[in-house]
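Data first, discussion second: the structure below is written as structure tokens.
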Protein chains: 2
Amino acid sequence: MSNCYVGIDLGGTNIAGGVASEDGCLLRTASAPTRSEEGPEAILARIAELGAELAQGRLLGLGVGVPGLVDTASGVTKFLPNLPTQWRDVAAGEYLRSKLGCPVRLLNDCRTAALGELQFGAGRNYRDLALFMIGTGIGGGVILDGQVRLGALGAAGELGHQTILPDGPLCGCGNRGCLETLASGPAIAGEGVRLMRSGLAPKLFELTAGNAEAVTPKSMAEAARLGDRAVEASIARIAGYLGIGVANVIVTVHPQLVVIGGGVAAMGDLLLEPLRRTVKDRVGMLPPETVAIEPSPLGDQSGIYGAVALAMTARE
Amino acid sequence: MSNCYVGIDLGGTNIAGGVASEDGCLLRTASAPTRSEEGPEAILARIAELGAELAQGRLLGLGVGVPGLVDTASGVTKFLPNLPTQWRDVAAGEYLRSKLGCPVRLLNDCRTAALGELQFGAGRNYRDLALFMIGTGIGGGVILDGQVRLGALGAAGELGHQTILPDGPLCGCGNRGCLETLASGPAIAGEGVRLMRSGLAPKLFELTAGNAEAVTPKSMAEAARLGDRAVEASIARIAGYLGIGVANVIVTVHPQLVVIGGGVAAMGDLLLEPLRRTVKDRVGMLPPETVAIEPSPLGDQSGIYGAVALAMTARE
């Protein structure tokens, strides 16, 4: 039997896991429901079970991406806003280590995804990257000289909480005008609903049968491709906000690569072209062409790939 | 004779230098005119001369802070916008090494000042800091885990070129609404002139005899203390822009410390209090009290202290 790593991505709905060979080839994935209302004990038991099921041969390390903040040194969870029960000060790392008998590392899911991009994704040929993970919110991760930047609380890399419009919309974090309020999945879909109900998006209306529930970044991208100019213009405007967030990160740490991940990245060039244009227009202090801006190639599996990359650092 | 380090701060008007003992005690400073119109050859000769004059005993390293971009690995200057003659691709490091017979390191002056804060200033008890250097422009430097973040071109840390107002004033870098356009010395003084000429700043008028030339951040701070409420409110609004720039850096890299340096920092609590309040209001993703925000204690000599700190890394 050979050696392996297991990576687990803990989400609000599902626990997704993968097992990789010692040299990092993903061999198999599997998942289990989170059932978040059952609380930490049941969920951690389910993670341990999934890990044991996935493991083939000797388990060298377990990595777990969690939706929130965790004390990375101790493996104690701190603040998991998307899981309804109380996760403050749960010794998750210790529990999983005792159950699975291997080194365990826990980290915020977006920082974990950034490690995945570095190891397996868009960042394979780079030493630095900034990941913007655009979904229900906008998370992120910053890797410099091959090391994920954590800060004292593992909270560095919250790229969606840069202020883009000082008097902008209220954000869940308490601030106003965060990038997340302007360019997250819900922000984009909200704009799509506005356009559709204002009669400015006939193709989007056709595609969704006028149902707001079906208005998503994906259906909006399709409508724009079919000729909804107002939708296309809105996407470009939103991409401009993203471009400001990207440009701010570039002047601050000048990474070699910026990766756009999460469901919204599937909008492709409709989003990426105006984003790149904004960066080119706004970054004047260094040559903007020194920073590549790429969509994540890992798609839905970026969480699993990240957790496997995290597992590989757990061993060190 | 003992060993020493020499640090040189190359400015548009003066070349300031200092010599420090092997353990980093500043022993003596001296300066020479830049005479920037004379071009690289004459200026580098003057730097070498000043360095030789300052050196006491064996020179272990020379550090030179330069106003612009330099290839730090080779010591070749790239872009020095504030010196009028052509500095592109001047092998300054090699020349100074041959003249002074010691390891030489060149670095952007604000990144150099950040090293000075870490070694000798507000950052002595920290491993991370972000420096906002507020003068004619706003420069900066980011130090993470004890290392200055350079990026491929030594251009990381341009914290004054974050976009704060997407449709704001035109910046020298080509962008709009950079922090530098809103909170640099000239931006603050411009607002003071507006208030004075609009009859809203009687104390400032008294202090300056109504002469716009005498309106500076310093005279404005004095006017605010004497009772000019409009001046005080303007300073607070400008400090709010700075606070947004600081908050963006905090969510991105979560440094332990933010240092406010440059002439404008002399405004003290008039600037720092509203700045700190803004950070507290806008940073919701991590406890803002985990980041200290302090004025630079090095004042006018931050460039020299920085260059000495740079010299001490040249030896390594």
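The values are calculated or read from the model by the stated rules, or taken from the named source; none is laboratory data. Just so we're clear, the structure is a prediction, and the values are computed from it rather than from any experiment. Ideal geometry is used to build each Cβ from the backbone, glycine not excepted, and the neighbour counts take in all protein chains shown. Ligands, DNA and RNA are stripped out before the accessible areas are found, and what is left, the full protein with its side chains, is counted by its heavy atoms. Shrake-Rupley method; radii C 1.70, N 1.55, O 1.52, S 1.80 Å.
Conditions tested, residue by residue: (1) under 25 Å from A:T136 (Cα atoms); (2) part of a loop (DSSP other than H, G, I, E, B).
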site	(1), (2)
A:L27	no, no
A:A45	no, no
A:A48	no, no
A:G61	no, no
A:G65	yes, no
A:N82	yes, yes
A:S98	no, no
A:L107	yes, no
Q. Could we say that B:L96 is over 14 Å from B:L153 (Cα atoms) and in contact with a Cys (Cβ under 8 Å, 6 or more places away or on another chain) here?
A. no
Q. So which residues in the stretch B:3-28 are open to solvent by 60 Å² or more (accessible area, probe 1.4 Å) and either of a type in the set (V, I, T) or more than 24 Å from B:T313 (Cβ to Cβ) (or both), if there are any at all?
A. B:T13
**Q.** Residue count, the stretch A:197-248 (criterion: assigned to a helix (DSSP H, G or I) and either under 22 Å from the mean Cα position of the chain (by Cα) or within 14 Å of chain B (Cβ to nearest Cβ) (or both))
**A.** 19
Q. Since B:R229 meets every condition but one in (1) touching an Asp or Glu at 6+ places or on another chain (Cβ under 6 Å); (2) open to solvent by 10 Å² or more (accessible area, probe 1.4 Å), which condition does it not meet?
A. (1)
Q: Give the residue, chosen from A:P67, A:P84, that is without any contact (Cβ under 8 Å) to a residue 60 or more places away in the chain, surrounded by fewer than 18 Cβ atoms within 10 Å (Cβ to Cβ) and within 23 Å of the chain's Cα centre (by Cα).
A: A:P84
Q) Residues B:G51, B:G121, B:G57: which one is farther than 19 Å from B:G151 by Cβ, small (G, A, S) and under 18 Å from the mean Cα position of the chain (by Cα)? A) B:G121
(Q) As an exercise: evaluate A:V90 against (1) without any contact (Cβ under 8 Å) to a residue 60 or more places away in the chain; (2) within 14 Å of chain B (Cβ to nearest Cβ); (3) in contact with a strand residue (DSSP E or B) (Cβ under 9 Å, 6 or more places away or on another chain); (4) not polar (S, T, N, Q) and give the number of the one condition it does not meet. (A) (2)
(Q) Quick check on the stretch B:266-284: of everything there that is part of a loop (DSSP other than H, G, I, E, B) and within 14 Å of chain A (Cβ to nearest Cβ), which residue is most open to solvent (accessible area, probe 1.4 Å)? (A) B:G284
Q.
Step by step: first the residues of the stretch A:249-265, then only those that are more than 10 Å from every other protein chain (Cβ to nearest Cβ) and open to solvent by less than 10 Å² (accessible area, probe 1.4 Å), then the one that is nearest to A:D128 (Cα to Cα). Which residue is that?
A. A:L257
Q: Starting from residues that are assigned to a loop (DSSP other than H, G, I, E, B) and open to solvent by 10 Å² or more (accessible area, probe 1.4 Å), keep the ones in the stretch A:143-162 and report whichever is farthest from the other protein chains (Cβ to nearest Cβ).
A: A:G146
(Q) Tally up the residues in the stretch A:167-225 that are on the phi > 0 side of the Ramachandran plot and open to solvent by 70 Å² or more (accessible area, probe 1.4 Å), please. (A) 1
Q: Sort out which residues of the stretch A:163-183 are of a type in the set (S, T, Y) and more than 7 Å from chain B (Cβ to nearest Cβ), and write them in order of number.
A: A:T181
